[in-house]
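In what follows, a structure is listed as structure tokens, so that the remarks can point back to it.
The values are calculated or read from the model by the stated rules, or taken from the named source; none is laboratory data. Owing to the predicted nature of the structure, the values given are computational and were not obtained by experimental measurement. Counting neighbours? That spans all protein chains shown, and the Cβs are built from the backbone with ideal geometry, glycine included. Just so you know, the surface numbers come from the protein's heavy atoms only, side chains and all, with ligands and any DNA or RNA stripped out. Shrake-Rupley method; radii C 1.70, N 1.55, O 1.52, S 1.80 Å.
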Amino acid sequence: SLVTSHHLRHVESMSRLPSGCGKISHLNAIILGESLASEENDLVFPSPEFSAQALVSSPEQYRQMYKRSIEDPAGFWSEIASQFYWKEKWDPEVYSENIDVRKGIVKIEWFKGATTNICYNALDRNVEAGNGGKVAIYWEGNEPGQDGQLTYAQLLEKVCQLSNYLKHVGVGKGDAVVIYLPMLMELPIAMLACARIGAVHSVVFAGFSAESLAQRILDCKPKVVITCNAVRRGPKVIHLKEIVDSALTECAKYGVSVGLCLTYENQSAMERKVTKWQERRDVWWQDVVPKFSSKCAVEWVDAEDPLFLLYTSGSTGKPKGVLHTTGGYMVYTATTFKYAFDYKPSDIYWCTADCGWITGHSYVTYGPLLNGATVVVFEGAPSYPDSGRCWEIVDKYKVSIFYTAPTLVRSLMRDGDEYVIHYSRKSLRVLGSVGEPINPSAWRWFFNVVGDSRCPISDTWWQTETGGFMITPLPGAWPQKPGSATFPFFGVQPVIVDEKGNEIEGECSGYLCIKKSWPGAFRTLYGDHERYETTYFKPFPGYYFTGDGCSRDKDGYHWLTGRVDDVINVSGHRIGTAEVESALVSHPQCAEAAVVGVEHEVKGQGIYAFVTLVEGVPYSEELQKSLVLTVRNQIGAFAAPDKIHWAPGLPKTRSGKIMRRILRKIASRQLDELGDTSTLADPSVVDQLIALSDC
Ligand code: ATP
Ligand code: MG
């Protein structure tokens with residue numbers, strides 16, 4: 001049978017365990033009858049009440065569904081796909097191709113030949129089902145008190161008007177549209193309007209510079225760029241239209257001229273202010289779009305027609321232009337959303353990610369709306385005007401599912417519990433994390449303080465490339481371990497391979513790869529299919545290579561250990577960054593940590609740790625020693641950092657991920673080789689770190 005893998009056998013054995021209480025319990029180790037020594041191995045059981053109402057309420061139920069998804073992917077996914085509207089159905093014989101590159105070029109296809117429209121499925125289908133009056137989007141502005149909302153019927157009308165306008169100006173099926181907007185309702189509206197008419201959107205995070213925007217415009221040569229005049233982020237006003245102006249000027253130098261720049265007047269930030277307004281090219285959204293009909297026929301597209309282009313965050317280097325198609329992505333984002341968050345129609349869902357990232361595509365826009373969910377879209381910064389803002393929003397909208405990133409969890413944890421406990425948070429029932437491994441101590445804080453030890457945490461491991469969740473807890477289905485992404489989603493076959501590409505069974509650590517394809521997989525890197533194959537399919541022939549390291553424990557739980565490029569080799573011990581960082585962060589005075597390897601005469605590589613301290617804690621030699629000791633005690637002497645470097649701030653991507661490649665250069669003093677820093681959120685931290693090198 002296909003499903004004999006180690007982790008399933010373990011789930012089976014766990015299914016016989018009694019359900020415990022919702023609190024972290026050391027007793028569970030005894031129940032298991034094994035030596036679960038380290039605190040990461042503590043099991044956190046969902047409450048029986050939670051499990052009883054969950055979509056997947058036991059390991060057995062998961063095991064059955066998973067087994068079916070692997071043994072009969074066509075049947076499994078067809079059944080789910082049939083819940084959507086297809087103009088024409090697929091041929092059941094045509095499914096995904098194998099992703100074995102030894103057999104030739106990689107060509108992944110799902111539901112090929114079927115026609116559908118993702119906007120129709122997200123909006124019209126919900127309105128037709130009688131949910132037109134349900135709130136689709138609650139919008140919360142940067143300033144408390146600034147808000148708005150749209151029902152499904154209203155959202156559909158807005159989308160149709162923009163679709164009609166885009167068609168009117170000549171945008172058709174297959175044409176690219178670049179969207180450079182902040183988190184206004186107009187951002188998902190613009191994405192959906194493109195999807196409705198078969199245009200391909202490329203959303204560029206509205207925090208990127210003119211140069212980064214220009215690169216992305218040059219790549220897909222859009223007919224239209226959609227932006228707004230300005231945005232307020234925290235106390236600052238950022239003039240987005242001016243950034244677009246310079247990007248377009250830059251593009252013109254390379255012979256790419258964009259005919260139309262549709263500019264939304266974002267009054268919440270500032271009134272119309274015409275700077276370099278170019279008549280004919282520049283058009284105010286409000287002057288034209290509302291004049292168009294609020295009904296717009298749908299463009300039916302092939303399941304394999306492109307839906308969007310999106311660049312990866314650029315944590316490891318230059319961002320890659322990932323292309324997703326329509327049918328498989330639709331089915332996959334909707335299904336992963338539903339199960340990983342145990343979604344119920346009464347939920348109010350808030351994901352803090354920006355639509356400029358894949359998380360905002362799959363889990364602000366498409367996944368939730370395809371399920372008819374009510375989504376909170378937040379324009380502002382999570383700690384403005386103070387660190388209690390998130391919980392104020394949770395209480396205001398009665399948010400029941402809250403999905404965020406470890407970087408935010410760590411920063412709110414550093415700011416102190418007062419901000420959290422000031423608010424009720426009673427509505428919360430499921431929490432989620434994405435973007436980086438969540439350190440067990442941050443996990444516990446999120447669980448105990450934010451979720452009052454009541455809400456399961458879905459630590460979702462996935463990538464821009466995967467389109468949707470790959471390894472994730474299903475809340476209520478099985479006990480969790482703080483810091484582990486647990487088990488694969490339906491249809492996903494993760495394997496851990498060694499350097500030679502051999503699969504390793506049982507308890508092990510190595511390179512995380514995926515066998516076979518899944519519906520949400522990306523189909524190519526835009527304009528460079530060869531790079532797609534070389535980067536992802538050639539390193540370990542026969543598998544999709546994720547670039548991440550992973551270990552599997554004896555219970556079959558998956559632990560992401562960090563990027564394989566970042567693995568440190570100390571005297572022959574291969575050490576993932578996540579493990580050492582989590583040990584450091586477990587120190588009560590350490591808020592955040594990033595470790596890198598540096599050359600070491602004796603050990604080959606030594607460990608160099610950058611640490612951010614909890615608010616108000618002074619940096620001292622004593623503290624350095626105690627940090628090193630913590631790692632020694634938790635992991636072992638071989639993992640003890642050789643150097644601790646005080647970091648008031650860490651270099652992060654604009655999506656909040658630590659950029660270790662820059663830290664490696666700082667640690668080895670190769671300051672003229674910092675590389676592409678254009679995706680850094682705050683380049684000034686680099687100078688600060690260099691200045692602190694000798695502390
Ligand atoms: P680039 O590929 O350009 O370097 P990136 O990999 O940061 O950028 P994304 O696709 O946004 O771009 O991020 C995916 C990566 O984020 C994963 O490969 C993994 O390293 C990390 N990641 C995401 N979620 C988790 C998680 N729950 N646990 C651990 N790591 C995660
Ligand atoms: Mg990546």
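Numbers at a glance
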quantity: Residue, nearest to L408 (Cα to Cα), within segment 330-358, restricted to residues that are touching a Ser or Thr at 6+ places or on another chain (Cβ under 8 Å) and part of a helix (DSSP H, G or I); calculated: I358
quantity: Segment 285-320, subset open to solvent by less than 20 Å² (accessible area, probe 1.4 Å) and either aliphatic (A, V, I, L, M) or in contact with an Asp or Glu (Cβ under 6 Å, 6 or more places away or on another chain) (or both), residue nearest to ligand 2 (Cβ to nearest atom); calculated: L310
quantity: Residue in segment 171-194 that is part of a helix (DSSP H, G or I), farther than 14 Å from Y264 by Cβ and open to solvent by 30 Å² or more (accessible area, probe 1.4 Å) present; calculated: no
quantity: Candidates Q493, Q463 - the one that is farther than 13 Å from D553 by Cα, within 12 Å of ligand 1 (Cβ to nearest atom) and either acidic (D, E) or touching a strand residue (DSSP E or B) at 6+ places or on another chain (Cβ under 9 Å) (or both); calculated: Q463
quantity: Some residue of segment 372-381 being closer than 30 Å to P92 by Cα and modelled with pLDDT of 95 or more; calculated: yes
quantity: Check on R216, within 20 Å of L162 (Cα to Cα), charged (D, E, K, R) and either open to solvent by less than 60 Å² (accessible area, probe 1.4 Å) or not in a strand (DSSP E or B) (or both); calculated: no
quantity: Flag for S571 being open to solvent by 50 Å² or more (accessible area, probe 1.4 Å), hydroxyl-bearing (S, T, Y) and more than 15 Å from ligand 1 (Cβ to nearest atom); calculated: yes
quantity: Selected residue (only one of K87, K107, K103, K112 is at pLDDT 95 or above and surrounded by fewer than 21 Cβ atoms within 10 Å (Cβ to Cβ)); calculated: K87
quantity: Answer from G75, G132 - the residue that is in contact with a helix residue (DSSP H, G or I) (Cβ under 9 Å, 6 or more places away or on another chain) and at pLDDT 95 or above; calculated: G132
quantity: Flag for R429 being touching a Gly at 6+ places or on another chain (Cβ under 7 Å), more than 25 Å from G562 (Cα to Cα) and charged (D, E, K, R); calculated: no
quantity: Matching residues in segment 414-440 - criterion: being more than 15 Å from I401 (Cβ to Cβ) and either open to solvent by 30 Å² or more (accessible area, probe 1.4 Å) or within 16 Å of ligand 2 (Cβ to nearest atom) (or both); calculated: R414, D415, D417, E418, Y419, I421, H422, Y423, S424, G435, E436, P437
quantity: Enumeration of residues in segment 336-360 that are open to solvent by 10 Å² or more (accessible area, probe 1.4 Å) and away from ligand 2 (no atom under 16 Å from the Cβ); calculated: K338, Y339, Y343, K344, P345, S346, I348, T352, D354
quantity: Single residue of segment 552-565 satisfying the filter (farther than 12 Å from W461 by Cβ and either open to solvent by 30 Å² or more (accessible area, probe 1.4 Å) or touching a Cys at 6+ places or on another chain (Cβ under 7 Å) (or both)) that is farthest from ligand 1 (Cβ to nearest atom); calculated: K554
quantity: Boolean, S411 is of a type in the set (G, A, S) and buried (at least 21 other Cβ atoms within 10 Å of the Cβ); calculated: no
quantity: For I471: the one exception among (1) more than 16 Å from ligand 2 (Cβ to nearest atom); (2) open to solvent by less than 10 Å² (accessible area, probe 1.4 Å); (3) touching a Cys at 6+ places or on another chain (Cβ under 9 Å); calculated: (1)
quantity: Only listed residue being of a type in the set (K, R) and under 21 Å from Q64 (Cβ atoms), chosen from K538, K515, K481; calculated: K515
quantity: Residues being of a type in the set (V, I, T) and either part of a loop (DSSP other than H, G, I, E, B) or within 6 Å of ligand 1 (Cβ to nearest atom) (or both) - total across segment 315-326; calculated: 2
quantity: Positions within segment 114-138 being among the aromatic types (F, W, Y) and within 12 Å of V301 (Cα to Cα), in sequence order; calculated: Y120
quantity: Residue within segment 528-546 that is of a type outside the set (S, T, N, Q), part of a strand (DSSP E or B) and within 16 Å of ligand 1 (Cβ to nearest atom) present; calculated: yes
quantity: Answer residue from segment 506-551, given it is within 14 Å of ligand 2 (Cβ to nearest atom) and of a type in the set (S, T, N, Q) and is surrounded by the most Cβ atoms within 10 Å (Cβ to Cβ) among those; calculated: T546
quantity: Listing of helices (runs of 4 or more DSSP H) fully contained in segment 573-669 that carry 3 or more residues being without any contact (Cβ under 8 Å) to a residue 60 or more places away in the chain; calculated: 621-634, 660-667
quantity: Criterion: charged (D, E, K, R), over 29 Å from L187 (Cβ atoms) and away from ligand 1 (no atom under 14 Å from the Cβ) - qualifying residue of R429, R454, R389, R425; calculated: R454
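Listed here are the residues, each with its yes/no results for (1) under 30 Å from L412 (Cβ atoms); (2) part of a strand (DSSP E or B); (3) of a type outside the set (A, V, I, L, M); (4) without any contact (Cβ under 8 Å) to a residue 40 or more places away in the chain.
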| residue | (1), (2), (3), (4) |
| --- | --- |
| Q278 | no, no, yes, yes |
| P290 | no, no, yes, no |
| S313 | yes, no, yes, no |
| G328 | no, no, yes, no |
